[in-house]
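Let me begin by presenting the structure, written as structure tokens, before commenting on it.
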Amino acid sequence: MKIESSNLPKAYEAGKYEDDIYQYWESSGLFNPDECIKRGVTDKDTPTFTIVLPPPNVTGKLHLGHASMLAYEDLIIRFQRLQGKQTLWVPGTDHAAIATQTVVEKELAKEGLKKEDLGREKFLERVREYVSKSKNTIRKQLRKMGASLDWSREKYTLDEDVSRTVYHVFTRMYEDGLIYRGDRIVNWCPRCHSTLADDEVEYKEQKAKLYYIKYGPVVIATTRPETKIGDTGLAVHPDDQRYQDLIGKELEINLGKVDIKVKVFADKEVDPEFGSGAIGVTPAHSQIDFAWAEKYGLEVKKIIDEDGKMTAEAGPYAGLPVEECRQKFIADLEKAGLLVKVEEIENNISVCYRCGTTIEPLTSKQWFIDVNKKIPRFGKSLKELSIEAVRQGLSGDPKQKIDIIPERFYKTYFQWMENLRDWCISRQIWWGHRIPVWYKEGGDEEVYVGVEPPKGEGWRQDEDTLDTWFSSALWTFSTLGWPEGEDFKRFHPTQVLETGYDILFFWVARMIIMTIYTTGQIPFEKVYLHGLIRDKQGRKMSKSLGNGIDPLEMIAKYGADALRLSMIIGTAPGNDIRMYEEKIAGYRNFVNKFWNIARFILLTVNKPERIASQPLPKTLADQWILANFNQLIQEVTGLLEQFSFSPAAEKLYEFTWSKLADWYLEVAKIEQGKDEILNYILERLLIMLHPFVPFVTEVIWSTSYNPEKKPELMLMVQKWPQAQGEAGGGGQFDLLQEIIVNIRSLRSTNKIPPVEVVDVKIESEKYQPLIESQKELIAKLARVGFVEELDKDSALHYPGDGYDIYLAVSGDIKARLEKERRELEKYIASLEKKLSNEEFLRKAPSEVINKEREKLKQAREKLNKIKN
RNA sequence: GGUCGUGUAGCUCAGUUGGUUAGAGCGCAUGCUUCACACGCAUGAGGCCCCUGGUUCGAAUCCAGGCACGACCACCA
């Protein structure tokens, strides 16, 4: 079949092809590993390779972080597919409890409504509507990026089967005594009206007032005076001389309109330098105070409720909002002469990571997961198991060990895991998995926990929902039909979890905890953590800064391939990535370059044809390109196997542009008969580039090697190439390149017009036969004509390394030679110094010494020639 | 306070177990409608590899300390 040039326009316009190509892939069904086996492109006995897509939140749209995640994961999965594995990449979305509820609440607010106006069911209906729209947007965007996801296995955290798994796991943990309900201190967000996990709390620096209050016999300092109404303890440092006689006593203290009773105790955590060295302890409204209360047996008195108002315990202040109470309380203290002084200080305030509202720590009856309790089945706690799996593998089994890339995150992981406290999993919001616990009417005493609602009358389900990370934590197996599903048996544990390091704790760690507990298996063998996307100045991308880049806009402008490449090249795992439009444009240029390389090959070569084994090299250039290509195959394969994506892409880029296009194609225009070699290389280069730039490679492939568009002949399911024959450097072709570049440089610096063919004579004792045999290439690539005789005195003489070039033009070469001479002299001096160092001669390996001697010899020869 | 990361050309970054005359892309300069590509081709300029010590025959690379920037964890009552 002859390729019509009209099929291949001069510039590659990604937008014309990408959607069609995705459609072509998807309708082939070959994203699905079962279909691959059915079609005979994958052997059913090969190993499986599974990745679950970190499910995007059903709020809003794709951002660059998603784009980078997709670029990596699709690269990994396509590479594995080309290597012949049964590959499965599971798509899905996350209901994102608080985030989604907040978005819909904001929508409602625009209509002047609150969720309570609708009621629970109507509100949830409204959220579902929003979600279904949002899900479709996300699906479209994932396709835009070229993600080879198996859509037939798509999941959603609120799907019925996934939800059943959630309830199942909850029930089992309850039965194992790992889930308990307790009146404990939690992080309360008054705006979200819900609890937050410890790692959902962020800290912000702010200016605050530090109040010094007369507090019975002592003075204490506090930034939250109103909480002192709930004090039940007074803490001092054990060695603090000022308070020795108070330790162990119970004090009655008047604070204006209220009286409180506190127990004095000593604890080393008290900083005697700060404030007055004495702390009023408020167990119900401070994490550390709560811990002290447990340790020293203090009463827990809750004075602030879930609405941010003072409780009945606050006596005369009951019912007041916290802020108002503070003003009143301060005024009352002042009247009573109890306010000593006020200082301005900087302190950290805890805020909700979703909405930025100040957190109100308070005690509340909530559901928790006990991370320290031994599980009968394992004889170990969740914490211990999760550490073990990453340290040495579950029960010491190396197959049950989780690797983390990059390695430095091991330390971060262990540190977090070792300090992990019980995980509060109940949330006071409506959107999410409702806690599968029922209480018998009339109290909380009688409890039923189960996957199905209890039989009989008079049961009332817990109003709360589960932390969104509870269901995400089950994602590797809840998506695969645990416990009895074929997919679960076949594809779990998964091979890689690829995600940003910012959710190492939120998600990765929790998956490890929950998966080991439930399945006894690790969730994944490897964690690959990519960096976060920043702008060119290194700032986070955000709406308020207006520095965000919309991936869809970039795809429209430059193509998905270009965007993908720009997220891979120049990045290292765990390191943040600076993204800017020029970079994407740069890789668009590469895509276009490759397009034109293919275009040239396919228009020049009459018959695109697949070549099974490496053709015999006929010329020096052939030998050079094939040896380099073999080396490329080996290097790229090795790098991808060890997850070194950026270096692999750079190698491909460099070979494609600087070797194949800049040199070999130019040679091919001169030497004829390159059909086989060009076909051989293009075919395999397409395969190797495919995981990085899937669209353009599939377009080229389908117009050349698969013109009938047979699914099983798609590029996506080809076999990864292997080196056939000698791999390595250039040998004599390097010398040829050097001679040509030298001539071009002489021409350029002497302003010889490019069209002018210049007489040349090259003399060499060492390389005469080589130069003789490659005259044609030199002549055409450097625009020179070889002559037998030439007036050396009037010619430009360039003394090369082992050869002499005489160019029949007038010009000046002195400046250049002078510069070369200076550099050489410096170089020689450093080599001489090294080689005259006896220690070096005695201790360095002989190969290194010989190499240095050889360098020196050559440098000296060159210098001599330049001087003459 | 603790832990970690980063510092290489104007910009964004490579630099794989210590041995290169330190690289790439963009940008810049000069020239080119060379029949695949101006999203291109050719040639070129541009670097105390943050600082100070140390280890070593030899350090951009390893170690210690410092400076600058960044992230995370803990958290100030």
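Please report the spacing between the Cα centers of segment A:194-252 and segment A:813-861 in Å, no decimals.
Distance between centres, Cα-based: 72 Å.
Any chance you could give the angle, 0 to 90 degrees and rounded to 10, that helix A:620-641 forms with the longest Cα principal axis of chain A?
Tilt relative to chain A: about 10 degrees.
Considering only DSSP states other than H, G, I, E and B, which GluC sites (Glu not before Pro) in segment A:638-739 qualify as loop sites with at most 14 other Cβ atoms within 10 Å?
Taking segment A:638-739 and a limit of 14 other Cβ atoms within 10 Å, the loop GluC sites (Glu not before Pro) found are A:Glu708, A:Glu726.
One quarter of the convex hull surface, Cα atoms only: what value does that give for chain A in nm²?
Working: hull surface 199.7 nm².
Result: 49.9 nm².
Projected onto the charge dipole of chain A (+1 at Lys/Arg Cβ, -1 at Asp/Glu Cβ, origin at the Cα centre), which of A:Phe414, A:Gln722, A:Trp25 gives the Cα projection farthest towards the positive end?
A:Gln722
About the Cα centre of segment A:81-127, how large is the charge dipole given +1 on each Lys and Arg Cβ and -1 on each Asp and Glu Cβ? Please answer in debye to the nearest 20. If you can, show how the numbers build up before the last one.
Values: 9 positive and 8 negative charges, 62 e Å.
So the dipole magnitude of segment A:81-127 works out to roughly 300 debye.
Checking the a/c ratio against 1.5 first, then a/b against b/c, what shape does the Cα gyration tensor give for segment A:469-562?
prolate
For a quick protection proxy, order the peptides A:206-212, A:419-425 by their average other-Cβ count within 10 Å, most packed first.
Result, highest mean first: A:419-425, A:206-212.
With +1 assigned to the C-beta of every Lys and Arg and -1 to the C-beta of every Asp and Glu, and no other charges, what is the dipole magnitude of segment A:59-191 about the Cα centre in debye, to the nearest 20? It would help to have the intermediate numbers written out before the result.
On the way: 25 positive and 19 negative charges, 101 e Å.
Taking the Cα centre of segment A:59-191 as origin, the dipole is about 480 debye.
Using the Cα gyration tensor of segment A:635-774, with a ≥ b ≥ c the square roots of its eigenvalues, what is the shape: rounded (a/c below 1.5), prolate (a/b larger than b/c) or oblate (neither)?
Prolate is the answer for segment A:635-774, as a/c is 1.5 or above and a/b outweighs b/c.
Given 10 °C and 1.306 mPa s, compute D for segment A:141-181 with the Stokes-Einstein relation, Rh being the Kirkwood radius over Cα pairs; round to the nearest whole µm²/s.
125
Structure shown: which of A:Lys133/A:Lys155; A:Lys133/A:Lys710; A:Lys834/A:Lys855 lie over 23 Å apart, alpha-carbon to alpha-carbon?
Beyond 23 Å between Cα atoms: A:Lys133/A:Lys710.
Can you work out D for segment A:578-689 in µm² s⁻¹ from Stokes-Einstein, where Rh is the Kirkwood radius over C-alpha pairs, the temperature is 10 °C and the viscosity is 1.306 mPa s?
Translational D for this selection: 107 µm²/s.
Using only the Cα atoms, what convex hull volume per residue in Å³ does segment A:780-841 have? Walk me through the intermediate numbers first.
Numbers: hull volume 8.1 nm³, N = 62.
Cα-based convex hull of segment A:780-841, divided per residue, equals 131 Å³.
Taking the Cα centre of segment A:338-383 as the origin, how large is its charge dipole in debye, to the nearest 20, when only Lys and Arg (+1) and Asp and Glu (-1) carry charge on their Cβ atoms?
In debye, rounded to 20, segment A:338-383 gives about 700.
In segment A:5-47, if every C-alpha pair distance is counted and binned at 5 Å from zero, what percent goes to each bin?
Bin by bin from 0 Å, the calculated values are 5, 19, 17, 14, 12, 11, 12, 6, 2.
Given an 8 Å cut-off on Cα distances and at least 6 residues of separation, report the relative contact order of chain A as a percent.
Answer for chain A is 13 percent.
Quick check on chain A: helices-only [θ] at 222 nm, where DSSP H runs of length 4 and up contribute -39,500 (n - 2.57) each and the sum goes over total residues. Nearest 500, please.
-13000 deg cm²/dmol
Rounded, prolate or oblate: which fits segment A:44-184 when a ≥ b ≥ c are the square roots of the eigenvalues of the alpha-carbon gyration tensor, with rounded for a/c under 1.5 and prolate only if a/b beats b/c?
oblate
Can you list the lysines whose alpha carbon is less than 27 Å from that of A:Lys411, not counting same-chain residues fewer than 8 positions off?
Correct list for A:Lys411: A:Lys204, A:Lys373, A:Lys374, A:Lys380, A:Lys383, A:Lys399, A:Lys401, A:Lys526, A:Lys540.
Taking the Cα centre of chain A as the origin and placing charges on Cβ (Lys, Arg +1; Asp, Glu -1), which of A:Gly277, A:Gln392, A:Pro691 is farthest toward the positive end of the dipole?
So the residue we want is A:Pro691.
State the percent of C-alpha pairs, over all pairs in segment A:405-527, separated by a distance greater than 22 angstrom.
Considering segment A:405-527, 48 percent of its Cα-Cα pairs are separated by more than 22 Å.
Identify, among A:Leu552, A:Leu807, A:Val371, the residue whose Cα sits farthest towards the positive end of the charge dipole of chain A, taking +1 on the Cβ of Lys and Arg and -1 on the Cβ of Asp and Glu, with the dipole about the Cα centre.
Highest projection toward the positive end goes to A:Leu807.
Along each of the three principal axes of the Cα atoms of segment A:156-246, give the extent in whole Å, ordering the values from largest to smallest.
63, 33, 22
How big is the C-alpha Rg of segment A:537-591 next to the rule-of-thumb value 2.2 N^0.38 Å, as a ratio? Numbers along the way, then the final one.
Values: Rg = 11.4 Å, N = 55, 2.2 N^0.38 = 10.1 Å.
Dividing the Cα Rg of segment A:537-591 by 2.2 N^0.38 Å gives 1.13.
Give the lysines whose C-alpha is closer than 16 Å to that of A:Lys761, dropping any in the same chain fewer than 8 places away, or say none.
Within the straight-line limit of under 16 Å, A:Lys761 reaches these lysines: A:Lys775, A:Lys780, A:Lys792.
Can you flag which of A:Lys819/A:Lys865; A:Lys309/A:Lys365; A:Lys309/A:Lys440; A:Lys607/A:Lys674; A:Lys38/A:Lys140 are past 19 Å Cα-Cα?
Table pairs above 19 Å Cα-Cα are A:Lys309/A:Lys440; A:Lys38/A:Lys140.
Find out how many positive minus negative residues lie around A:Thr571, taking Lys and Arg as positive, Asp and Glu as negative, among other residues whose Cβ is under 13 Å from that of A:Thr571.
After counting each charged neighbour, the total is +1.
How do A:623-629, A:717-723 rank on mean C-beta neighbours within 10 Å, highest first?
By packing density, highest mean first, the sequence is A:623-629, A:717-723.
Can you tell me, using C-alpha contacts under 8 Å and at least 6 residues apart, the relative contact order of segment A:557-640 as a whole percent?
25
Go from 0 up to the bin containing the longest alpha carbon distance in segment A:665-723, width 5 Å each, and give me the % of pairs per bin.
4, 18, 26, 23, 15, 10, 4, 0
At a 1.4 Å probe, what is the % contribution of carbon and sulfur to the accessible area of chain A? Numbers along the way, then the final one.
Values: 18730 of 38640 Å².
Here carbon and sulfur together make up 48 percent of the probe-accessible area.
Counting just the Cα atoms, what span does segment A:635-704 cover along each of its three principal axes? Round to the nearest Å and put the largest first.
39, 25, 15
Give a quick list of trypsin sites (Lys or Arg not before Pro) in segment A:1-107 that DSSP marks as loop, anything other than H, G, I, E or B, with at most 13 other Cβ atoms within 10 Å.
Here the trypsin sites (Lys or Arg not before Pro) that fit, given the DSSP loop and packing criteria, are A:Lys2, A:Lys10, A:Lys44.
Taking Cα pairs under 8 Å and at least six residues apart, what relative contact order does segment A:310-386 come out at, in percent?
Here the relative contact order equals 11 percent.
Can you tell me the alpha carbon radius of gyration of segment A:756-868 divided by the globular rule-of-thumb value 2.2 N^0.38 Å?
For segment A:756-868, the normalised Cα radius of gyration comes out at 1.34.
Working from the alpha-carbon coordinates of segment A:815-868, get Rg over Rh, Rh being the Kirkwood radius.
1.07
Any chance you could give the angle, 0 to 90 degrees and rounded to 10, that helix A:382-391 forms with the longest Cα principal axis of chain A?
Value to nearest ten degrees: 20.
The values are calculated or read from the model by the stated rules, or taken from the named source; none is laboratory data. For clarity, every value in this text was computed on a predicted model and none was experimentally measured. Note that each Cβ is placed from the backbone with ideal geometry, even for glycine, and that neighbours are counted across all protein chains shown. Just the protein is used for accessible areas: all its heavy atoms, side chains included, with ligands, DNA and RNA removed. Shrake-Rupley method; radii C 1.70, N 1.55, O 1.52, S 1.80 Å.
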